[in-house]
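**Student:** My structure is below; once you've seen it, I'll send some questions.
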Amino acid sequence: MKIQIINGPNLNLLGTREPAVYGHQSFGEFLTELRERFSQIQLDYFQSNSEGSIVDKIQETGFDYDGIILNAGAYTHTSVAIADAIAAVAAPVIEVHISNVYAREQFRHHSFLAKNCKGLICGFGMDSYRLAVESFL
Ligand code: DQA
């Protein structure tokens, strides 16, 4: 099984970015643990701060991979282009968020992406990604 993880803007700063909200662990550290835990799965990782690059990666992997785990960061709340890319590809996409976006500012309560995703997992910290991987098993 091949799963693509895509992280959007500012998620390259996990570990140092607002640790009270996003925790102290870098994504690199977390990914090592995730790959050890799911050694039977090919877990590929991509991060970009650019909306177009995220669209490109969804198109590139969306006909080849068994699933995509997408944390589009702030683009979740703004991007019709990413929503359209999710709808355009064959692979099921799981939307994830580290924080519980529904317990935060009103503008984080709306996702342009969720209706085109297979499911949505949020609020479990980094464990949101682990739960998303489990959903493909
Ligand atoms: C986030 C939540 C978004 O609202 C925010 O813009 C992010 C991170 C999360 O993982 O909790 O960048 O997607």
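The values are calculated or read from the model by the stated rules, or taken from the named source; none is laboratory data. Please read these numbers as outputs of a predicted model, since none were measured by experiment. All Cβ positions, glycine included, derive from the backbone under ideal geometry; neighbour counts span all protein chains shown.
**Student:** Which ones in region 17-57 are modelled with pLDDT under 95 and of a type in the set (Val, Ile, Thr)?
**Tutor:** VAL21
**Student:** If you go through region 24-52, how many residues are among the basic types (Lys, Arg) and within 17 Å of the chain's Cα centre (by Cα)? Working first, answer last.
**Tutor:** Step one: list which residues in region 24-52 are among the basic types (Lys, Arg), which gives 35, 37.
This time we only want the ones that are within 17 Å of the chain's Cα centre (by Cα), so: 35.
The qualifying residues number 1.
**Student:** Okay, moving on. How many residues, within region 40-96, are small (Gly, Ala, Ser), closer than 29 Å to VAL21 by Cα and away from the ligand (no atom under 16 Å from the Cβ)?
**Tutor:** Going through region 40-96, the residues small (Gly, Ala, Ser) turn out to be 48, 50, 52-53, 62, 67, 72-74, 79, 81, 83, 85, 87-88, 90-91.
Still in the list and also closer than 29 Å to VAL21 by Cα: 48, 50, 52-53, 67, 72-74, 79, 81, 83, 85.
Right, trim to away from the ligand (no atom under 16 Å from the Cβ) and you get 52, 67, 81, 85.
Of the residues in region 40-96, 4 are small (Gly, Ala, Ser), closer than 29 Å to VAL21 by Cα and away from the ligand (no atom under 16 Å from the Cβ).
**Student:** Restricting attention to region 8-23, which residues are over 16 Å from the mean Cα position of the chain (by Cα), part of a helix (DSSP H, G or I) and either more than 11 Å from the ligand (Cβ to nearest atom) or surrounded by 15 or more Cβ atoms within 10 Å (Cβ to Cβ) (or both)?
**Tutor:** Once the filter is applied, which keeps residues that are over 16 Å from the mean Cα position of the chain (by Cα), part of a helix (DSSP H, G or I) and either more than 11 Å from the ligand (Cβ to nearest atom) or surrounded by 15 or more Cβ atoms within 10 Å (Cβ to Cβ) (or both), region 8-23 yields PRO19, ALA20.
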